[in-house]
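Presented below is the structure to which this report refers.
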Amino acid sequence: MTHANGDAAIEQFLNAVESANNKLGKKDRRPVLIHGQTIRQDQVNRLKELGIFPSLFPMHTFYWGDWHVNSVLGHPRADFISPTQAVRKQGLMFSTHHDAPVALPDALRVLDATVNRTTRTDQVLGPEQRVSVYTALQAMTTWPAYQHFEESSKGQLKQGMQADLIILDKNPLKIKPVELHNLQVLETISRGETVYSKN
Ligand SMILES: [Zn+2]
């Protein structure tokens, strides 16, 4: 698992995996690119061939999106940070994360950022990179289980599988995407026991 955020660092990681694959043969190793914030389209194109699993950090759009537009990257590069839809177009799974303590460990805000990509000043950064709520939920459940070779025991609510879970006040698939940030956790169940209850 490699933390690579700038496109030069990402290039170095892609080349390292490529040379390892050439030397040792391709196998199902699932090397993980952590963050990949400024990955370029030509680098997204290489992920699948190299077997690299992208773990993206969509909350970058909220916390630093305006700053990236105004001072660091500008358009159009700022629009392409954490390019969730671009990796989907390559047919890839991805996971999302919040990088606590860099950002607050709030899974519902990760969900909101992945779907809406709203900055602090209420701009939508890179609207073409938004994904559906269902895709964003897969990126928090089934796909990260795959990332860790745990897809046969985690990630889905199925008999025989392990699951910690939360109960929300509304169905995220049925509310308007802009309302996602208002979702409330009613109950948290961990290892079969209620560890949080709102009331
Ligand atoms: Zn980090």
- Note on the structure: Cβ-Cβ cut-off under 12 Å around T118, Lys and Arg +1, Asp and Glu -1: the net charge is +1
- Note on the structure: Stretched fully, the stretch from K48 through E11 gains (0.36 nm per residue minus C-alpha distance, one decimal, in nm) 11.9 nm
- Identify the chymotrypsin sites (Phe, Trp or Tyr not before Pro) of segment 113-156 meeting these criteria: DSSP loop state and at most 12 other C-beta atoms within 10 Å of the C-beta. F149
- Message: Can you tell me, using C-alpha contacts under 8 Å and at least 6 residues apart, the relative contact order of the chain as a whole percent?
- Response: 15
- Task: State the percentage of accessible surface on the chain attributable to carbon and sulfur atoms; use a 1.4 Å probe and exclude ligands, DNA and RNA.
- Result: 52
- Note on the structure: Averaged over all viewing directions, the convex hull of the alpha carbons in the chain casts a projected area in nm² of 12.3
- Label-point gap, in nm, between T188 and D28 - each point 7 angstrom along Cα→Cβ: 3.3
- Message: Can you say what percent of the DSSP beta bridges in the chain, counting only those with both residues inside, are antiparallel? Round to 5.
- Response: 50
- Message: In the chain, once you exclude exposed trypsin sites (Lys or Arg not before Pro) (DSSP loop, at most 12 other Cβ within 10 angstrom), what's the longest stretch remaining?
- Response: 28-119
- Can you tell me the accessible area per residue over segment 57-138, all protein chains present, probe 1.4 angstrom, in square angstrom? 46
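The values are calculated or read from the model by the stated rules, or taken from the named source; none is laboratory data. Since the structure is predicted, the reported quantities are computational estimates derived from the model, not experimental observations. Heads up, the Cβs are rebuilt from the backbone with ideal geometry, glycines too, and the neighbour counts pull from every protein chain shown. What goes into the accessible areas is simple: the full protein's heavy atoms, side chains included, and nothing from ligands, DNA or RNA. Shrake-Rupley method; radii C 1.70, N 1.55, O 1.52, S 1.80 Å.
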